[in-house]
Amino acid sequence: MDDQIFLGIESSCDDTAAAIVTADRRILSSVVSSQTDLHADFGGVVPEIAARAHAEKLDLAVEEALQQAGVTLRDLTGVAVTAGPGLIGGVMAGVMCAKGIAAGAGLPLVGVNHLAGHALTPRLTDGIDYPYLMLLVSGGHCQFLRVEGPEDFTRLGGTIDDAPGEAFDKLAKLLALPQPGGPAVEAEAALGDAERFRLPRPLLDRPGCDMSFSGLKTAALRLRDRLIAEQGGLRQQDRRDLCAAFQNAVAEVLAEKSRRALAQGPVPVLAVAGGVAANKTIRAALEQVAQDAGSRFLAPPLRLCTDNGAMIAWAGIERFRLGHRDGMDLTARPRWPLDSRARPMLGSGKKGAKA
């Protein structure tokens, strides 16, 4: 089993990625082609532009991944591909590319849930055992999952509107900061006073692990407008202090909700994945929560927190071990909940449904 080698293809949003991963957890290559420059002038990801870029770059990413790994298609055991959820044009491009490779090389095809790729990443990086608690937190999704197996996920809570990363992007746009907004807001916040402005902590007054960040963004908008009206403009320090206050509010919400999720049942590990996991303030808050609960805190390397092909290859390996294979009728899915038993979330942000 340890001699299995999988190609993983990821194209669910604005990163075209391919990777070669082995069943004994070695990442032989990981290629990620960013589209940040293509979308920079639009203040967010444009689905049509993203889909076209994926179609142009997927074969090149796969070729580069094979070359870096020093393998050929003949050496592969199978092909894993993100089949959803995500921007449908990009997902379709990836699925069609994977089908072509699988059919041409006579390889098994395994469709992977993009969120499962994130959720299983700690198994790839650290080889941890089931069960564990996973917080997926990024621009398009935010949810707590109790992970019992490669296809056994229990959702304990999630965001009912904007995901945290989406909220960071919107705040950056309000303050004329560059995209993606997360790193830009964090850089400004490092120079700001988080105590100067008091922003709301949505849903902390309600039980459970569900979250909301749309109201927090609206509160920041109103504060910005008030400052502009009072002063005739927004000073640099105002922007820094607002970013710091916003970041602290998000960190406190995620920390408290993580505390509640851990209280629902003891788990040895609290893992976090997604681009927002790179935020140092948020990461420190979550690490403290895990320590207080007697659990290990685990955050994969940043390159594996954001979208990548390695996590898809690994999730494909885990599904393959269970005997799963997909045919040429594999379809791209814009929505694909990990926990089909859980009730649907109440809303979804512009980047897609959270469940």
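Taking the conditions exactly as written (crowded, with 24+ Cβ neighbours inside 10 Å and touching a strand residue (DSSP E or B) at 6+ places or on another chain (Cβ under 6 Å)), does Ile20 satisfy them or not?
Yes: the conditions hold for Ile20.
When the residues of region 285-319 are filtered to those that are touching a residue at least 40 places away in the same chain (Cβ under 8 Å) and of a type in the set (S, T, N, Q), the one that is nearest to Ile9 (Cα to Cα) is Asn308.
Residue count for region 147-165, restricted to those that are open to solvent by less than 20 Å² (accessible area, probe 1.4 Å) and either within 30 Å of Tyr130 (Cβ to Cβ) or of a type in the set (Phe, Trp, Tyr) (or both): 9. When Val71 is tested against (1) farther than 14 Å from Ile312 by Cβ; (2) crowded, with 24+ Cβ neighbours inside 10 Å, only condition (2) is not met. Out of (1) outside any loop (DSSP other than H, G, I, E, B); (2) open to solvent by less than 80 Å² (accessible area, probe 1.4 Å); (3) modelled with pLDDT of 95 or more, what's the single condition that is false for Ala53? Unmet condition: (3).
Just to be sure before I move on: is Leu76 free of Cβ contacts under 8 Å to residues at least 60 places away in the same chain and open to solvent by less than 30 Å² (accessible area, probe 1.4 Å) in the structure I sent? No: the conditions fail for Leu76.
May I ask you to list the residues in region 93-114 that are of a type in the set (A, V, I, L, M, F, W, C), farther than 15 Å from Ala61 by Cα and open to solvent by less than 10 Å² (accessible area, probe 1.4 Å)?
Answer for region 93-114, where residues must be of a type in the set (A, V, I, L, M, F, W, C), farther than 15 Å from Ala61 by Cα and open to solvent by less than 10 Å² (accessible area, probe 1.4 Å): Ala102, Leu109, Val110, Val112.
Restricting Phe144, Phe168 to residues that are touching a Ser or Thr at 6+ places or on another chain (Cβ under 8 Å), of a type outside the set (Lys, Arg) and crowded, with 21+ Cβ neighbours inside 10 Å narrows the list to Phe144.
Does region 111-128 contain at least one residue that is among the hydroxyl-bearing types (Ser, Thr, Tyr) and at pLDDT below 90? Checked region 111-128: no residue is among the hydroxyl-bearing types (Ser, Thr, Tyr) and at pLDDT below 90. Among the residues of region 262-289, those that are farther than 26 Å from Gly181 by Cα and buried (at least 17 other Cβ atoms within 10 Å of the Cβ) comprise Leu262, Val267, Val269. Look at (1) in contact with a Pro (Cβ under 8 Å, 6 or more places away or on another chain); (2) crowded, with 22+ Cβ neighbours inside 10 Å and you find that Ala184 fails only one, number (2). Residue count for region 324-355 satisfying the condition of being open to solvent by 50 Å² or more (accessible area, probe 1.4 Å), over 24 Å from Gly89 (Cβ atoms) and modelled with pLDDT of 70 or more: 5. Out of contact with any Asp or Glu (no Cβ under 8 Å at 6 or more places or on another chain) and open to solvent by less than 10 Å² (accessible area, probe 1.4 Å): does that describe Gly316? Here the answer is yes, as Gly316 does meet what is asked. Of the helices (runs of 4 or more DSSP H) contained entirely in region 251-339, those carrying at least 1 residues that are closer than 21 Å to Asp24 by Cα, under 20 Å from the mean Cα position of the chain (by Cα) and charged (D, E, K, R) fall at 302-305, 309-321.
Checking the structure you have, find out if any residue of region 240-248 is among the small types (Gly, Ala, Ser) and either surrounded by fewer than 23 Cβ atoms within 10 Å (Cβ to Cβ) or free of Cβ contacts under 8 Å to residues at least 60 places away in the same chain (or both). Yes, the conditions are met somewhere in region 240-248. For region 133-162, taking the residues that are among the charged types (D, E, K, R) and farther than 18 Å from Arg341 by Cβ, the one that is farthest from the chain's Cα centre (by Cα) is identified as Asp161. Please specify each residue of region 129-140 satisfying the condition of being in contact with an Asp or Glu (Cβ under 9 Å, 6 or more places away or on another chain) and not aromatic (Phe, Trp, Tyr). Result: Pro131, Ser138, Gly139, Gly140.
The values are calculated or read from the model by the stated rules, or taken from the named source; none is laboratory data. These numbers were taken from a predicted model, which means no experiment stands behind them. All Cβ positions, even for glycine, are placed from backbone atoms using ideal geometry, and neighbour counts span all protein chains on display. These area figures cover heavy atoms from the full protein model, side chains too; ligands, DNA and RNA do not enter into them. Shrake-Rupley method; radii C 1.70, N 1.55, O 1.52, S 1.80 Å.
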